[in-house]
Amino acid sequence: MALKERITEDMKTAMRAGEKERLATIRLALAAIKQREVDERISLDDGQVLAVLEKMIKQRREAIAQFESGGRPDLVAKETAEITVLQGYLPAQLSEAEIDALIAKAIAATGAASIKDMGKVMAVVKPQAQGRADMGALSARIKQKLG
């Protein structure tokens, strides 16, 4: 079953079960997916749906930082709950060792020697780590290894 179909089925299940918070989050995700499909006039595949979900999670993490500094624990809890629901659709996260192995393999494959070659390494690692690792942290790790 495609990821988008799974999200739609989960929406129906949440509706029947009366899970209002979960339902609201799933509807937000479906709206973001639909918006991108309409904007680009395409039908999203699983990889593109994952990218939309990752973007939503990133937005919520940024919002949490803002709400914490503003002293709004109620909104922090709401955003954290939304992240939990959204992460349920992402594939299993890579471990530290798996990330290091991916980076080492990509550096060897591209022959990267300095920070100037970071783009080549990212181009190799990104498709394999999409949805399974935080791209910001991954980028910092590659920079550290090449630097």
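The values are calculated or read from the model by the stated rules, or taken from the named source; none is laboratory data. In this text the structure is predicted, and so the values were computed from the model without any measurement. Quick reminder, even Gly has a Cβ in these numbers, built from the backbone with ideal geometry, and neighbours come from all protein chains shown.
Looking at (1) surrounded by 15 or more Cβ atoms within 10 Å (Cβ to Cβ); (2) at pLDDT below 90; (3) aliphatic (A, V, I, L, M), find the lone condition where Ala113 falls short.
Here Ala113 clears every test but (1).
From Ser43, Ser69, grab the single residue that is out of contact with any Pro (no Cβ under 8 Å at 6 or more places or on another chain), hydroxyl-bearing (Ser, Thr, Tyr), assigned by TED's automatic domain parsing to the domain that holds Ala14 and farther than 25 Å from Thr8 by Cα.
Numbers: Ser43 fails: farther than 25 Å from Thr8 by Cα.
The unique qualifying residue is Ser69.
When you scan segment 116-147, how many residues do you find that are under 16 Å from the mean Cα position of the chain (by Cα) and either assigned by TED's automatic domain parsing to the domain that holds Arg61 or not in a helix (DSSP H, G or I) (or both)?
The number of residues fulfilling the criteria is 5.
Go through segment 122-147 and give me each residue that's surrounded by 14 or more Cβ atoms within 10 Å (Cβ to Cβ) and either in contact with a Phe, Trp or Tyr (Cβ under 6 Å, 6 or more places away or on another chain) or more than 18 Å from Leu53 (Cβ to Cβ) (or both).
Of everything in segment 122-147, those that are surrounded by 14 or more Cβ atoms within 10 Å (Cβ to Cβ) and either in contact with a Phe, Trp or Tyr (Cβ under 6 Å, 6 or more places away or on another chain) or more than 18 Å from Leu53 (Cβ to Cβ) (or both) turn out to be Met122, Val124, Val125, Ser139, Arg141, Ile142, Lys145, Leu146.
Every residue in segment 7-34 that is part of a helix (DSSP H, G or I) and exposed (fewer than 14 other Cβ atoms within 10 Å of the Cβ), please.
Result: Glu9, Lys12, Thr13, Arg16, Ala17, Lys20, Glu21, Ala31, Lys34.
Here's the yes/no breakdown for (1) on the phi < 0 side of the Ramachandran plot; (2) surrounded by 18 or more Cβ atoms within 10 Å (Cβ to Cβ); (3) in a helix (DSSP H, G or I):
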site: Arg36; (1), (2), (3): yes, no, yes
site: Gly47; (1), (2), (3): yes, no, yes
site: Leu50; (1), (2), (3): yes, yes, yes
site: Gln59; (1), (2), (3): yes, no, yes
site: Glu62; (1), (2), (3): yes, no, yes
site: Ala81; (1), (2), (3): yes, no, yes
site: Leu90; (1), (2), (3): yes, no, no
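Within segment 105-147, work out how many residues are of a type outside the set (Asp, Glu) and over 17 Å from Leu94 (Cα atoms). Working first, answer last.
Of segment 105-147, the ones of a type outside the set (Asp, Glu) are 105-116, 118-133, 135-147.
Retained after the next criterion (residues that are over 17 Å from Leu94 (Cα atoms)): 107-116, 118-121, 123, 143-147.
Total meeting the criteria: 20.
Can you pull out every residue in segment 50-86 that is among the hydrophobic types (A, V, I, L, M, F, W, C) and in contact (Cβ under 8 Å) with a residue 60 or more places away in the chain?
Filtering segment 50-86 down to residues among the hydrophobic types (A, V, I, L, M, F, W, C) leaves 50-53, 56-57, 63-65, 67, 75-77, 81, 83, 85-86.
Hits for segment 50-86 are Leu50, Ala51, Leu53, Ala81, Val85, Leu86.
Can you tell me which residues in segment 69-79 are assigned to a helix (DSSP H, G or I) and surrounded by 13 or more Cβ atoms within 10 Å (Cβ to Cβ)? It would help to see each step written out before you state the result.
Filtering segment 69-79 down to residues assigned to a helix (DSSP H, G or I) leaves 69, 73-79.
Matches in segment 69-79: Leu75, Val76, Lys78, Glu79.
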